Amino acid sequence: MIKISERLGRVEYAIRDIILHAREYQKTGKKIIYLNIGDPVAFDFKTPVHIKNALIDALNHDNDYYTDSEGWLDLRQSIVEKESGKKGLDLAFDDVLVTNGVSEGLDMVMGSIIEEKDEVLLPGPYYPPYSSYAKFYGGNMVEFKILDDGTPDIDDIRKKITGRSKAICLINPNNPTGEVFDKKSLKSIVDVASENNLYIICDEIYDEIVFDNAFSFIGNVAKDAPVVLLNGFSKTYSMTGLRCGYICMNNSSRQLDSLRHNIFKLARVRIASNLPVQIAANAALNGPQDHIVQMRQKLQNRRDLVVKRLDEIDGVYCKKPKGAFYVFPKINLQNRWKSDMEFVIEMLNSTGVLTVHGSGFGINGSNHFRIVYLPQENVLEEAMDRIELFLKKNNKPCFVI
Ligand code: PLP
């Protein structure tokens, strides 16, 4: 056997790693209710027709050649309009780099800023690739606390900043908790990061999937701080499989100048992102937006259903998410399960409902599990019936406040 790199061993992705157990279950011939992956297209949120048509037209007109490494200019300009308009970030088109999904953008940013033993601060629980990429490039993830009212513990952040700290990452709205930071919290984090010469990497991929209250964009508090915004088309435009995202670097920030001038080297090494998809993404930004309103309404109904059902189970505690499409209930393992992973696997094997163990989202995710509430109401009702029965069968209330 030829050796692989040691750093590859540091990479994990719970959301997909759990699928291995699902495959075993499927061998029994039984069907699974998948509540593990946040892919709208797998449910009744299909890519809007005008976006698909733009993609087909691009191919029919032979627009499938290598394009500029930085991204197709028309799309970069449309991204500037989206992110600098009401979202408030100061941008010119050459502050924008188009990537094959937010995932590639995150990889490029982490690869551009992390040195051996550097630390990246982030509120836990968090979307796992943040930790995987930080570790892959030799760094480490340091989780900071979120207070009970959903605001970040700024004192905890200050305590955790060391000479090795490189960046503060924010996922807003958050995956897996659906937590959304208010404007004051964002401003406090931006101030702390800026004072300490740290990058602020903010992922707003769920910026249009926010319920109840208006959403505060990082751009509106960025001023001249070193804010690097990640966003993409997978969720809002149901374009998961098409792979398109982007990186925006605050034009007003001099602290970002070195990154701004050098990150494009990485973009050139991988040649370019997919041109037909960029053309479709441009149609997404410039075409009708009414599907977003419908999506939000459907998701709000589904969130309310799942939260209500969880609340009805004796002893269940589940915070109502304010955005994205996940709920993250807390579980008391008592002596019944050794870990939240064991709980999730046993629940899969007894009910056929596939969720994700909370510890896959960092230390603060332990003793939780994540449910994706993208499926239609009848599927969610069926899944919740089975989860409820499973919990009742296990006798004592499994969840605690
Ligand atoms: N960022 C967050 C917070 C996510 O939850 C996800 C997918 O679930 C991604 C990024 C992946 O985005 P993309 O499909 O653009 O790579």
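Values quoted throughout were computed directly from the atomic coordinates according to the rules given, and no laboratory measurement underlies them. Values in this document were obtained by computation on a predicted structure and should not be read as measured data. Here the Cβ is made from the backbone with ideal geometry for all residues, glycine too, and neighbour counts use every protein chain on show.
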Crossing angle, helix 340-351 versus the chain [Cα axis fit, 0-90 degrees, rounded to tens]: 60 degrees
Just check segment 263-330 against the gyration tensor rule for me: Cα atoms, a ≥ b ≥ c as the square roots of the eigenvalues, rounded for a/c under 1.5, and otherwise prolate or oblate depending on whether a/b exceeds b/c. oblate
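Count the DSSP beta bridges whose two residues both fall in segment 105-173, then state the antiparallel fraction as a percent rounded to the nearest 5.
10 percent
With Cβ to Cβ distances under 10 Å as the rule, what net charge do the other residues near residue 266 carry (K, R +1; D, E -1)? Write out the running numbers ahead of the final one.
Values: positive: 265, 268, 270; negative: 104, 107.
Its environment carries a net charge of +1.
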Quick check: net charge around residue 75, other residues with Cβ under 11 Å of its Cβ, Lys/Arg +1 and Asp/Glu -1? -2
Entries of 46/322; 31/330; 52/223; 27/308; 338/393 with Cα pairs more than 29 Å apart: 52/223; 27/308
Cα-projected label distance for residue 286 with residue 92, points at 7 Å along beta-carbon direction, nm: 2.2 nm
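Cβ under 12 Å from residue 36's Cβ, residue 36 left aside: what net charge do those residues give with Lys, Arg +1 and Asp, Glu -1?
Working: positive: 16, 370; negative: 17, 39.
Result for the local shell: 0.
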Multiply the residue separation of residue 147 and residue 32 by 0.36 nm, subtract the distance between their alpha-carbon atoms, and state the gained length in nm to one decimal. 37.8 nm
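Return a whole-number percent for the relative contact order of the chain, with Cα pairs under 8 Å and 6 or more residues apart as the contact set. Intermediate results must be reported in sequence, preceding the final value.
Working: 788 pairs, mean separation 94.7, N = 401.
Relative contact order for the chain comes out at 24 percent.
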For the chain, give me the percentage of DSSP beta bridges that are antiparallel, rounded to the nearest 5 percent. 45 percent
Report, in degrees rounded to the nearest 10, the 0 to 90 angle that the Cα long axis of helix 377-393 makes with the longest principal axis of the chain. 50 degrees
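With the contact rule set at Cα under 8 Å and sequence spacing of 6 or more, what percent relative contact order holds for segment 49-286? Numbers along the way, then the final one.
Working: 458 pairs, mean separation 74.0, N = 238.
Averaging sequence separation for qualifying contacts and normalising by length gives 31 percent for segment 49-286.
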Along Cα→Cβ, 7 Å out, is where each label goes; now give me the distance between the ones at residue 7 and residue 182 in nm to one decimal. 4.1 nm
Under the rule of at least 5 residues apart or a separate chain, name every residue whose amide H is placed under 5 Å from the amide H of residue 142. 120, 121, 122
For the chain, the longest principal axis of the Cα atoms and the Cα long axis of helix 290-312 enclose an angle in degrees, to the nearest 10, of 30 degrees
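Which shape class applies to segment 1-134: rounded if a/c is under 1.5, otherwise prolate when a/b exceeds b/c and oblate if not, where a ≥ b ≥ c are the square roots of the Cα gyration tensor eigenvalues? Walk me through the numbers on the way to the answer.
Numbers: a/c = 1.83, a/b = 1.22, b/c = 1.51.
Since a/c reaches 1.5 but b/c is at least a/b, the shape of segment 1-134 is classed as oblate.
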What are the ³J(HN,Hα) values, in whole Hz, obtained from phi via the Karplus relation 6.51 cos²θ - 1.76 cosθ + 1.60 with θ = phi - 60°, for each residue of segment 200-208 in sequence order, with x given for Gly and Pro? 10, 9, 10, 9, 10, 4, 9, 4, 9
